[in-house]
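Visitor: Below is the structure I would like to discuss, written out as structure tokens.
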Amino acid sequence: MISPHYLRKLTRFARITALGAGEILDKKARQHHRIELKGRVDLVTDADLASESYIIDSIQHQYPDHSILTEEKASIDNGSEFKWIIDPLDGTTNFAHNFPFYCVSIALECQGEMILGAIYDPMRDEMFSACKGGGAWLNRRKITVTDQAKLEHALLATGFPYDIGSSREDNLKQFRRFAKLARGIRRAGSAALDLCYLACGRFDGFWELKLHPWDTAAGIVIVTEAGGKVTDFAGAGYSIYDKYILATNGRIHSQMVKVLTK
Ligand code: IPD
Ligand code: CA
Ligand code: CA
């Protein structure tokens, strides 16, 4: 068990580091982007790498014995009970196309449990953060999910996996079903920000498949602390290492489970 004081200190560190990395993305956004393909449509830019190096250096300076799991570099396993889980740029495709919807996501796992998350959107200067038991925050404002109880009035968010071109499991069937049942669906291109938008009431529900731990680690703490519910598609407990995520305001959860398990 870690003390509330130490948890607050770690959360402050996550926020400051996400802000610093966001400033790097902001600067890189004004320069020519160096883009490389990781797969057919999966990209990495020099901004992903610069943000990641900055975050890893900050953690290793402040908490040298902690482990780190990050998207672009090999993970660092120090055998610590603490593991930082990082997406240095969530929304790389958006960034590469100058579509202004991307963020930095930093989370901390302690003994297998997600205990804090900080997600920073440098385009809007919005810092979303939460630690276990401390509520969820957007800058200095406490945030909560909506109380929308009807799927037909709900605004949903989702995304499509990078292997959409080659895999039969592509989210299109679910997208089609929800498009006919909900008020609207947005595919904005950053799963971490989608979760934050759910936490602060801009979305009512979010589902996606084949995400990675760094896409959801910080966001699920923020959603949960904002009063939302996070499970797999069947309504069972969600782990960041799972393939399917369903996150909602809680009120439309069972309606979405019904559609996803049909
Ligand atoms: C991606 C974004 C996107 C989601 C993809 C993710 P990246 O992360 O979160 O919204 O649909 O599946 O991989 O590659 O931009 O860090
Ligand atoms: Ca990501
Ligand atoms: Ca990324």
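The values are calculated or read from the model by the stated rules, or taken from the named source; none is laboratory data. Predicted model only: the values in this text are computed from it and were never measured. Note: ideal-geometry Cβ built from the backbone for every residue, glycine included; neighbour counts use all protein chains shown. With ligands, DNA and RNA removed, areas are computed over all heavy atoms of the protein, side chains included. Shrake-Rupley method; radii C 1.70, N 1.55, O 1.52, S 1.80 Å.
Visitor: If you take every DSSP beta bridge fully contained in segment 151-260, what fraction is antiparallel? Give it as a percent rounded to 5.
Guide: Roughly 65 percent of the beta bridges in segment 151-260 run antiparallel, per DSSP.
Visitor: I've got another one for you. Taking one equal scatterer on every alpha-carbon of the chain, how large is log10 of I(q)/I(0) by Debye at q = 0.15 1/Å?
Guide: Rounded to two decimals, the profile gives -1.05.
Visitor: Further question: For the chain, with a Gaussian network of springs between Cα atoms less than 10 Å apart, report the residue from Leu195, Leu211, Leu172 with the top mean-square fluctuation.
Guide: Top of the fluctuation ranking is Leu172.
Visitor: Per residue, what accessible area does segment 4-143 have, given a 1.4 Å probe and all protein chains present, in Å²?
Guide: I get 48 Å² per residue for this part.
Visitor: Determine the relative contact order of the chain: mean sequence separation of Cα pairs under 8 Å and six or more apart, normalised by residue count, in whole percent.
Guide: 17
Visitor: Out of Val230, Val145, Val41, any idea which swings most in a Gaussian network model of the chain, alpha carbons joined below 10 Å?
Guide: Most flexible of the set in this elastic network: Val41.
Visitor: For segment 1-150, what size does the Cα cloud have along each of its three principal axes, sorted from largest down, in whole Å?
Guide: Projected onto the principal axes, the Cα atoms of segment 1-150 cover 45, 44, 28 Å.
Visitor: Normalised by the residues of segment 140-202, what does the relative contact order come to in percent, with Cα pairs under 8 Å and at least six apart?
Guide: The value is 50 percent.
Visitor: What size of dipole, in debye to the nearest 20, comes out for the chain about its Cα centre when the only charges are +1 on Lys and Arg C-beta atoms and -1 on Asp and Glu C-beta atoms?
Guide: My answer is approximately 1120 debye.
Visitor: Ignoring everything except DSSP H segments at least 4 long, calculate the 222 nm mean residue ellipticity for the chain; use -39,500 (n - 2.57) per segment, divide by total residues, nearest 500.
Guide: Roughly -10500 deg cm²/dmol at 222 nm, from the helical runs in the chain.
Visitor: Rounded, prolate or oblate for segment 151-260? Axes are the square roots of the Cα gyration tensor eigenvalues, ordered a ≥ b ≥ c, and the cut-off for rounded is a/c under 1.5.
Guide: rounded
Visitor: Take the alpha-carbon centre of segment 198-262, take the same for segment 7-25, and report the distance between them in whole Å.
Guide: 24
Visitor: Then there is this: If contacts are Cα pairs under 8 angstrom and at least 6 residues apart, what is the relative contact order of segment 76-205 in percent?
Guide: Rounded, it is 23 percent for segment 76-205.
Visitor: On to the next question. Rank Ala179, Ala199, Trp84 by how far each Cα sits towards the positive end of the charge dipole of the chain (+1 on Lys, Arg Cβ; -1 on Asp, Glu Cβ) and give me just the farthest.
Guide: Ala179
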